[in-house]
Amino acid sequence: GSSGITQSTEAVVSTREYGKQWYQRRVRGFHYRLLFVTMLILLLLFSTLVSLATCQTGGSTKYAQFDDSTEGRLQPTGLFTSQMDEVESEEVEVLEGEVPDWVQGSMYKVGVGAFELGNRRVTNVIDALSKVYRWSFSPGKTPTFSTKFLKTGIYNRSVESENLVPHRVLGDILPPLTAFEKIKMTLWDANRDNNNITPWKLKGRDGLTVTGEGPLYFDVHEENLDFMEKYKIVDNGMFVKEFMSGSHFAKHPTTGDSYNYIYLTGLDKGLLSGLVPGYQMVKFTEEGGKSVGRWWAHPRGAG
């Protein structure tokens, strides 16, 4: 009867009202997302324009200079000067005295090479582009000196683009990175490979290994310092993140084996990788292989 028709009409009206409200919510949600994306684009454009304006007004020249003094203490200006030259087995002039015959072999050092490329520079010695140095001594011969840049991904991309590329640093890159460059850096530069801490001779490796604070290593030729290989100690798959390792290996006093560690954690919280955060120990042996052991860290530091 009439009550059934009334109920049916109310149901239709209710359905139409619900559909109208659902459509309005969808439209409002779309508008909010569109507003968010627009504001993000404007922020990126503003950051880029500020950086360009800094470069065009000579800001890069100002940033590329160090103060002569800091709180009254003179700075060693030579330490903060880029040296782009690379040399191989150049004879070293002995200004006074003679080198004893018992001084034989090579001494290696890793340090800074360049603070700037193009319009950008770093602000401290830790972030400067890495360079390998070698002094060689032989009885009855003139000492020689060699130095070459460590051909890292950061160095190669900077040279190719003729400008210091955005990458993770401990200090600052000046002029400042734009928001877009920071996003690009995060996606591109997953591993900071500007290793500039120490050289190490690993048993079983053909070259000289250059280390940093991360689990990423470079081998260079012991004589001419040319790039040989970039490698990790272990490959743990796409869901495992290697956060850090020791920049200095520990050497066994009798066997000469070298030891180091890597801290591992699962990006998937262990769901697929089955990994519990912990330290992984590595030993390099004479045969060129490496044995791996692991002890586990408690997730909350308990125990």
Would you mind computing, in nm to one decimal, how far apart the modelled labels at D206 and M39 are, each placed 7 Å from Cα along Cα→Cβ?
5.7 nm
How much length is gained on full extension from S82 to N163, taking 0.36 nm per residue of separation minus their Cα-Cα distance?
27.7 nm
Residue by residue, what Karplus-based ³J(HN,Hα) values in Hz, rounded to whole numbers, does the stretch 209-225 have, using 6.51, -1.76 and 1.60 with θ = phi - 60° and x for Gly and Pro?
8, 10, 10, x, 7, x, x, 10, 10, 10, 9, 10, 5, 5, 9, 9, 6
Which whole-percent values make up P(r) of the stretch 81-121 when all C-alpha to C-alpha distances are grouped in 5 Å steps starting at zero?
5, 12, 17, 21, 15, 12, 9, 4, 4, 1
Sequence-distant residues sharing a close amide H with T198 (under 5 Å, placed H):
T211
Would you please give the FRET efficiency between V276 and D101, computed as 1/(1 + (r/R0)^6) with r the Cβ-Cβ distance and R0 = 45 Å, to the nearest 0.05?
0.20
Using Cα positions and a limit of under 30 Å, work out the lysines in reach of K109, with same-chain residues fewer than 8 apart set aside.
K131, K141, K148, K151, K201, K203, K230, K232, K241, K251, K283, K290
For the stretch 136-145, in residue order, the Karplus 3J(HN,Hα) values (coefficients 6.51, -1.76, 1.60; θ = phi - 60°; whole Hz; Gly and Pro = x) are 10, 10, 9, x, x, 10, 6, x, 10, 10
Put L42, L216 in order of accessible area, largest first, 1.4 Å probe: what do you get?
L42, L216
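The values are calculated or read from the model by the stated rules, or taken from the named source; none is laboratory data. It should be emphasised that the depicted structure is a prediction, and the values quoted were computed from it without experimental measurement. Cβ coordinates were reconstructed from backbone atoms using ideal geometry, including for glycine residues, and neighbour counts include every protein chain displayed. What goes into the accessible areas is simple: the full protein's heavy atoms, side chains included, and nothing from ligands, DNA or RNA. Shrake-Rupley method; radii C 1.70, N 1.55, O 1.52, S 1.80 Å.
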